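Notes follow the structure.
The values are calculated or read from the model by the stated rules, or taken from the named source; none is laboratory data. Every value quoted in this text rests on a predicted model; they were computed, and no experiment measured them. Ideal geometry is used to build each Cβ from the backbone, glycine not excepted, and the neighbour counts take in all protein chains shown. The accessibility values were calculated without ligands, DNA or RNA, using every heavy atom of the protein model including side chains. Shrake-Rupley method; radii C 1.70, N 1.55, O 1.52, S 1.80 Å.
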Amino acid sequence: MRHENISFPTANTLVLLLSKAANDQTGMAPPISKEDVANFVRPLLQLTPAATSVSLRLFALSDTEPNYEQLYDALVSELHRGKITCLDVRNKLDDPATGSVSDFPLSLSLRGVSGLTSISHGPDIPCAPFSRLAYLNASTLKTLDIKLAEESDWTDLIYGGSEVSAVYSSLESLSLDIVNVPYPTNWAAIEGAKPFPKLSTLDLSGRYPFDDDLFFRGNGGTLQNLRILFRAIARNILGRFSVLKRSGVTRMNQIHIGEVSIVDRVFVDGSAKLPIKQQIQRMVEVTATLKQHHDTWFLDILWSL
């Protein structure tokens with residue numbers, strides 16, 4: 001691969017779309033060494049000397065292919081040996097427009113990548129490697145956008161398999177999508193840790209299995225934009241832990257309450273009187289903008305304040 005006369009000196013993002021290579025006559029893809037990967041990556045980085053972000057669109061090959069997972073791991077590691085600090089990995093066949101996804105999930109180890117400022121990944125890619133990678137880059141990350149499917153994904157994000165909790169000292173934006181978790185699930189509370197001291201934007205979607213105030217410890221003066229799931233309000237997370245009465249919470253830019261699902265209504269109807277109104281009243285007091293998907297059941301609560 002040689003492009004001596006071509007370069008893109010002002011490009012700041014490198015997008016790689018990787019698909020299955022043609023098989024040889026034996027019907028198997030030829031083995032690819034780390035040296036092959038390094039020789040492939042080096043000219044790409046020379047083509048885009050100013051790039052700090054890499055977006056990978058990967059084709060998840062079947063498990064009969066000899067070493068595609070090792071290939072992708074080596075590729076990510078090589079790309080981030082230089083100035084690349086932003087990683088976005090998505091399955092090539094994940095198409096939000098059509099809803100189609102690959103038949104095979106990608107599984108990456110992503111070891112040895114440091115100095116990242118941004119991590120994100122798409123659906124159909126297991127979260128565990130990204131949780132561990134985030135833990136290893138806790139001191140440099142500014143944005144993190146990942147999906148959680150298991151409690152272990154969450155504990156890896158905080159503890160990384162150790163007994164020492166991470167401090168995401170530069171993290172300003174955290175987006176978590178909690179998927180495939182049954183509604184009544186409660187993950188174990190985490191005591192003592194304050195992992196997100198400078199968080200400005202917190203965007204939660206999916207389910208809410210948390211039963212503590214870990215997201216909100218120590219960032220009362222920095223958290224400006226909050227998207228929270230209705231289940232957190234139904235469980236009185238904001239009230240029980242005085243989230244909106246912490247030191248520094250004076251005027252937030254926006255609070256967005258997620259859509260109220262049928263399961264949410266069943267939970268509320270089957271519970272004793274819940275302090276939903278009190279939490280909403282406090283939101284009105286501290287935020288410039290309060291948003292919620294149009295829902296007459298929710299509006300009835302607002303009108304009764």
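Of the solvent-accessible surface of the stretch 197-303, computed with a 1.4 Å probe and all protein chains present, 51% belongs to carbon and sulfur. Between the stretch 126-186 and the stretch 224-286, how far is it from one alpha carbon centroid to the other, in angstrom? About 22 Å separates the Cα centre of the stretch 126-186 from the one of the stretch 224-286. Taking 45 Å as R0, compute the FRET efficiency from the Cβ-Cβ separation of Asn12 and His293 and round it to 0.05. That pair, Asn12 with His293, gives E of 0.80. Surface analysis of the stretch 196-305 yields an accessible area of 47 Å² per residue, using protein heavy atoms and a 1.4 Å probe. Determine, at each q value in 0.13, 0.17 (inverse angstroms), the log₁₀ of I(q)/I(0) that the Debye formula gives when each Cα of the stretch 112-160 is one equal point scatterer. Log10 of I(q)/I(0), two decimals: -0.24, -0.42.
Set the bar at 30 Å for Cα to Cα. Now go through Lys34/Lys83; Lys198/Lys273; Lys34/Lys194; Lys34/Lys198; Lys147/Lys291 and name every pair that lies beyond it. Display every interim value, and only then the final one.
Numbers: Lys34/Lys83 19 Å; Lys198/Lys273 35 Å; Lys34/Lys194 39 Å; Lys34/Lys198 38 Å; Lys147/Lys291 23 Å.
Checking Cα-Cα distances, Lys198/Lys273; Lys34/Lys194; Lys34/Lys198 exceed 30 Å.
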